[in-house]
Amino acid sequence: MSKPVKQIHLAAHFPGVNNTTVWSDPAAGSHIEFSSFAQFAQTAERGKFDFLFLAEGLRLREQNGQIYDLDVVGRPDTFTVLAALAAVTERLGLTGTINSTFNEPYEVARQFASLDHLSGGRAAWNVVTSWDAFTGENFRRGGFLAEDQRYERAKTFLQTAQELFDSWRGDEVVANKATGVFLSDAKAGAFVHKDAHFDIHGRFNVPRSPQGRPVIFQAGDSDQGRDFAASAADAIFSRHSTLEAGQAFYADVKGRLARYGRLRDELLILPAATFIIGDTDAEAAEIAHEVRLAQVSPQTAIKFVEQLWNRDLSDHNPDGPLPTVDPLVGENTISRGRASVRMYRDPIAIANDWRAKAETENLSTRELIVEVTGRQSFIGSPQTVAQTINDFVQADASDGFILVPHITPGGLDPFVDQVVPLLQERGVFRADYRGTTLREHLGLAPLPAPRRSAGPDASTGVAS
Amino acid sequence: MVTVASITKAVLLMPDSLSPFHLAVALDGAGWHPAAWRETDARPAELFGAGYWADLVAEAERGSLDFVTIEDSLTMQSDDPFGPDDRIDRVRGRLDAVLIAARIAPRTRGIGFVPTVTVTHTEPFHVSKSIATLDYVSTGRAGVRVQIAARHDVAAHFGRRALPRLSVETINDPVGQQQLGEYFAEATDYVEVLRRLWDSWEDDAEIRDVATGRFIDRHKVHYIDFEGRWFSVKGPSITPRPPQGQPIVAALGHGGVSYELIAGSADVGFVTPHDAAQAADMVGEIGALQWAAGRSRETVHVFGDLVVFLDRTPRAAQTRRRRLDELSGAEYRSDAHIFVGTPAQLADVLQQWHAAGLSGFRLRPATLPHDLVQITEGLVPDLRRRALFRTDYEADTLRGLLGLARPANRYVVA
């Protein structure tokens, strides 16, 4: 019997603070006015997308000791804007990035449970770890967490939040006016959690929400990150751009699920991708090239080089070759507040690769940066884009994509108007929502209700 | 006896008993009476969904009320103000107030939203951007009511600080008073951080200058460099300057350090007088503190909080109150004056207390939606006939409704 055709999952990332957004385009809209977010969300919902996604950063980025001003700066608070988007959408999932370092489980769990209630079961949480003292300067505890502890804290933070979500079974609010019984269980919400990171107890004051808990996203790429996702996440972002790399990542992560007693379709792999749609493939390629040049201005190119080289290179000529000097290894002092610099694990090796590529292909600094900092991108006619996306998903290189337009909010429209109908016609993407919750859109089974609420006599939660 | 307070009372701009005043409604669960959830028109099973709150706010907006406050806490409700209880006959459980406000605001057009946030244990950086974002999604109708968390069980939900246990016995002794002072000092710092972060972006920081490739003018985005006993915050905010510049800061006070917080840091204070004379005293006391804090050029509204049981006749109101008290098993008590009567009688009281110096009132409906509808369909029309309340929203921001100008940014060099 042939394999049934996989259904594609699609999401829309309202981008912001990196150079994907071409804010200089006359069509570019606001990254802070609510109308921009509402329009974007409503477009995604018109396109029957599974969810909308927001990233987060808790301190304005700096480079060379100054606030970085070349990209979009400024964003709304994640929870607050998602709750507002719940008012202007009906089915679209609402995924927010919330940090496990500069937050406390009780508050975050309250906010997600509330968002899930207020949206009728559409909340999702992308768990991220930042740990740096730079970001910590905005918070009570400063840079209190060692870098190598951040995954442990994230795991136990998530575990603790799960215990809070599960401290209500979901049947306690009986609200019987005649008998006067509001709660069937005087211990509803009772919890205890004690480990190295969290020593908390009491009662969680939000009843169980429609999904039970938010859908959990995670974006780790390291071995630790993949294991974390395999054990605890419902979906994982990946940044693997080619078909082969995507397939390898997919096979690796899905292969880890059995160890945790989970089935392959209980964890979705959803890489991020940009797109350029043209009337023809050739036209799309031309537009894509212009967009890349707009995204990587001469100044931006220098900034990218500085981030890898960890040096001030403001005098470097972006139209000339790459610097001959080697990157400065060690703590990155040039770029602050940017997660991507952690990817440069061996800066000298990467610099050598870049130089080799530039020499072989006769690329200037700027042209090289255009090449190496591009994200996965679907470029072509609507037919080509639809075909490529479907090929990726059917070949198990992903379960779908999180699409990032380079113009906000209107940049999603061409995809929704021209590509989605083709996928629907092929029968690989929904013509309409069937369920009402994000779990249903993602094909995740409903969570079982907890067997009993954890009271003070329950065993203490210890992170495994 | 001549006191600073009595001079201030006389000297401060006293509202004319014939000038209009402001009205807010305090939303909490099914209403402020513990048995409110058992009323026929109550919707207790719907307290944890958006529809219930949307309906309440729509009703409040029909009455062109200035704003709603939404109660919240980082712990389960309790009949004991100093600790948890295990009652099952009361409403227990609630949603985050800021998120309720954000969920409802986009579908409203004029009313303001002042959710309650706890300022003990939480991060001012997070709250600042939450309220700034609420201001964006409501197009300039946001505020925040700051509240300390004096209950010891709240600390255990965070596990970061061991705090002395306050109780009704200890709150007035030196240790209790000292701890209370600490909580309010932290709250004062917290509000300072909120305000600095709201100003950390100048209004025109976003420049989108294609020629130089700059999205913002980095010189118009400022570190706030706040250093204090409970937290230090560098800034700038990640969220640009809110539409109102400074969303409204409100606080409920019962004297002493809480009045200092209102006078020194807030735009609106809620006080709990039980008659016109007390109202006048409270206004005078806060006014004197306001002057001492160097804010005499600013407007600090002082609203009277009242619990209201409203019906078409006084007897119906009394009967309903008695019935609710029987259901709940005890006579309902409050820090605020409990009014039982008709909307017209309430209008008389409000008019009197307004003449005594209060610029507005925050009404706590005994049961929802009943008392809210009595307010919008009974009280408001009566006040309009007396020219004491607006006929429709005359400003499109909450600051505008409260007669507060958009403030200059403290970081702008004139």
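The values are calculated or read from the model by the stated rules, or taken from the named source; none is laboratory data. No experiment lies behind these values; they were computed from the predicted model shown. As a convention, Cβ positions derive from the backbone with ideal geometry for all residues, glycine included, and neighbour counts pool all protein chains shown.
Take residues that are buried (at least 23 other Cβ atoms within 10 Å of the Cβ) and touching a helix residue (DSSP H, G or I) at 6+ places or on another chain (Cβ under 6 Å) and tell me which of the helices (runs of 4 or more DSSP H) falling wholly in the range A:322-422 contain 2 or more. Full working, then the answer.
Details: elements: A:347-361, A:365-372, A:382-394.
Passing ranges, in order: A:365-372, A:382-394.
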>> So in the range A:423-437, with the set limited to residues that are crowded, with 16+ Cβ neighbours inside 10 Å and assigned to a helix (DSSP H, G or I), which one is farthest from the chain's Cα centre (by Cα)?
In response: A:Gln424
> Under 6 Å by Cβ, and 6 or more places apart or on different chains, what pairs join a residue from the range A:61-85 that is within 7 Å of chain B (Cβ to nearest Cβ) and over 9 Å from B:Thr133 (Cβ atoms) with one that is small (Gly, Ala, Ser) and surrounded by 23 or more Cβ atoms within 10 Å (Cβ to Cβ)?
Replying inline: A:Ala83/B:Ala102
> Which condition breaks for B:Ala251 when tested against (1) within 8 Å of chain A (Cβ to nearest Cβ); (2) of a type outside the set (Ser, Thr, Tyr); (3) within 30 Å of B:His301 (Cα to Cα)?
Replying inline: (1)
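So is A:Gly202 within 10 Å of chain B (Cβ to nearest Cβ), in contact with a helix residue (DSSP H, G or I) (Cβ under 7 Å, 6 or more places away or on another chain), surrounded by fewer than 20 Cβ atoms within 10 Å (Cβ to Cβ) and closer than 30 Å to B:Leu327 by Cα or not?
Criteria not met by A:Gly202.
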> What are the residues in the range B:40-81 that are surrounded by fewer than 17 Cβ atoms within 10 Å (Cβ to Cβ), under 24 Å from B:Ala250 (Cβ atoms) and of a type outside the set (Gly, Ala, Ser), if any?
Replying inline: B:Asp55, B:Arg62, B:Pro81
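Filter the range A:86-103 down to residues that are more than 19 Å from A:Gly57 (Cβ to Cβ) and either facing chain B (nearest Cβ under 8 Å) or touching a strand residue (DSSP E or B) at 6+ places or on another chain (Cβ under 9 Å) (or both), then give me how many there are. I'd like the intermediate steps shown before the answer.
Quick first cut of the range A:86-103, residues more than 19 Å from A:Gly57 (Cβ to Cβ) only: A:86-93.
The next check asks that each one be either facing chain B (nearest Cβ under 8 Å) or touching a strand residue (DSSP E or B) at 6+ places or on another chain (Cβ under 9 Å) (or both); those that pass are A:86-89, A:92-93.
Result for the range A:86-103: 6.
Sort through B:Arg362, B:Arg384, B:Arg322 and tell me the only one that's of a type outside the set (Asp, Glu) and in contact with a Phe, Trp or Tyr (Cβ under 6 Å, 6 or more places away or on another chain).
B:Arg362
Please specify each residue of the range A:160-195 satisfying the condition of being in contact with a Gly (Cβ under 6 Å, 6 or more places away or on another chain) and not charged (D, E, K, R). Quick ask: steps written out before the conclusion?
The initial filter retains those residues of the range A:160-195 that are in contact with a Gly (Cβ under 6 Å, 6 or more places away or on another chain), namely A:163, A:167-168, A:187, A:190, A:193.
Matches in the range A:160-195: A:Ser167, A:Trp168, A:Ala190, A:His193.
Give the number of residues within the range A:179-199 that are more than 8 Å from every other protein chain (Cβ to nearest Cβ) and either in a loop (DSSP other than H, G, I, E, B) or more than 29 Å from B:Ala36 (Cα to Cα) (or both). Break it down stepwise before answering.
If we filter the range A:179-199 for residues that are more than 8 Å from every other protein chain (Cβ to nearest Cβ), which is where we start, we get A:179, A:190-197.
Subsequent filtering for residues that are either in a loop (DSSP other than H, G, I, E, B) or more than 29 Å from B:Ala36 (Cα to Cα) (or both) retains A:179, A:192-197.
Counting residues in the range A:179-199 that are more than 8 Å from every other protein chain (Cβ to nearest Cβ) and either in a loop (DSSP other than H, G, I, E, B) or more than 29 Å from B:Ala36 (Cα to Cα) (or both) gives 7.
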>> Take residues that are in contact (Cβ under 8 Å) with a residue 60 or more places away in the chain and more than 26 Å from A:Gln295 (Cα to Cα) and tell me which of the strands (runs of 3 or more DSSP E) falling wholly in the range B:200-262 contain 1 or more.
In response: B:248-252
>> Quick check on the range A:5-20. Is at least one of its residues among the β-branched types (Val, Ile, Thr), more than 24 Å from A:Ile269 (Cα to Cα) and at pLDDT 95 or above?
In response: no
> On the given criteria, is A:Gln39 in a loop (DSSP other than H, G, I, E, B), in contact (Cβ under 8 Å) with a residue 12 or more places away in the chain and either touching a Lys or Arg at 6+ places or on another chain (Cβ under 6 Å) or within 30 Å of A:Gln387 (Cβ to Cβ) (or both)?
Replying inline: no
>> Restricting to the range B:76-109, count the residues that are modelled with pLDDT under 95, within 20 Å of B:Gln147 (Cβ to Cβ) and facing another protein chain (nearest Cβ under 7 Å).
In response: 1
> Taking helices (runs of 4 or more DSSP H) that fall entirely within the range B:320-408, which contain at least 3 residues that are within 15 Å of B:Ala26 (Cβ to Cβ) and of a type in the set (A, V, I, L, M)?
Replying inline: none
>> Just checking, does the range B:156-169 include any residue being of a type in the set (Phe, Trp, Tyr) and more than 10 Å from every other protein chain (Cβ to nearest Cβ)?
In response: no
>> If A:Glu107 satisfies all but one of (1) at pLDDT 95 or above; (2) more than 9 Å from chain B (Cβ to nearest Cβ); (3) surrounded by fewer than 23 Cβ atoms within 10 Å (Cβ to Cβ), what's the number of the condition it fails?
In response: (2)
> Which one of the conditions (1) within 9 Å of chain A (Cβ to nearest Cβ); (2) surrounded by fewer than 23 Cβ atoms within 10 Å (Cβ to Cβ); (3) of a type outside the set (D, E, K, R) does B:Gly256 fail to meet, given that it meets all the rest?
Replying inline: (1)
> For the range A:161-178, which residues satisfy the criterion of being farther than 13 Å from A:Ala449 by Cα, in a loop (DSSP other than H, G, I, E, B) and more than 7 Å from every other protein chain (Cβ to nearest Cβ)?
Replying inline: A:Ala178
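In the range A:284-309, what residues are assigned to a helix (DSSP H, G or I) and of a type in the set (A, V, I, L, M)? Full working, then the answer.
Residues of the range A:284-309 assigned to a helix (DSSP H, G or I): A:284-295, A:298-309.
Across the range A:284-309, the qualifying residues are A:Ala284, A:Ala285, A:Ile287, A:Ala288, A:Val291, A:Leu293, A:Ala294, A:Ala301, A:Ile302, A:Val305, A:Leu308.
Is it true that some residue in the range B:372-386 is of a type in the set (Ser, Thr, Tyr), touching a helix residue (DSSP H, G or I) at 6+ places or on another chain (Cβ under 8 Å), surrounded by fewer than 20 Cβ atoms within 10 Å (Cβ to Cβ) and touching a residue at least 12 places away in the same chain (Cβ under 8 Å)? If you could, list the steps in order and put the result at the bottom.
Here is the first cut: in the range B:372-386, the residues of a type in the set (Ser, Thr, Tyr) are B:376.
From what's left, touching a helix residue (DSSP H, G or I) at 6+ places or on another chain (Cβ under 8 Å): B:376.
Now restrict to residues that are surrounded by fewer than 20 Cβ atoms within 10 Å (Cβ to Cβ): none.
Within the range B:372-386, none of the residues are of a type in the set (Ser, Thr, Tyr), touching a helix residue (DSSP H, G or I) at 6+ places or on another chain (Cβ under 8 Å), surrounded by fewer than 20 Cβ atoms within 10 Å (Cβ to Cβ) and touching a residue at least 12 places away in the same chain (Cβ under 8 Å).
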> Under the condition of being facing chain A (nearest Cβ under 9 Å) and more than 20 Å from A:Phe204 (Cβ to Cβ), which residue from the range B:131-155 is nearest to the chain's Cα centre (by Cα)?
Replying inline: B:Ile131
>> Give me the residue from the range B:263-281 that is part of a helix (DSSP H, G or I) and in contact with a helix residue (DSSP H, G or I) (Cβ under 8 Å, 6 or more places away or on another chain) and, out of that set, nearest to B:Leu350 (Cα to Cα).
In response: B:Ala276
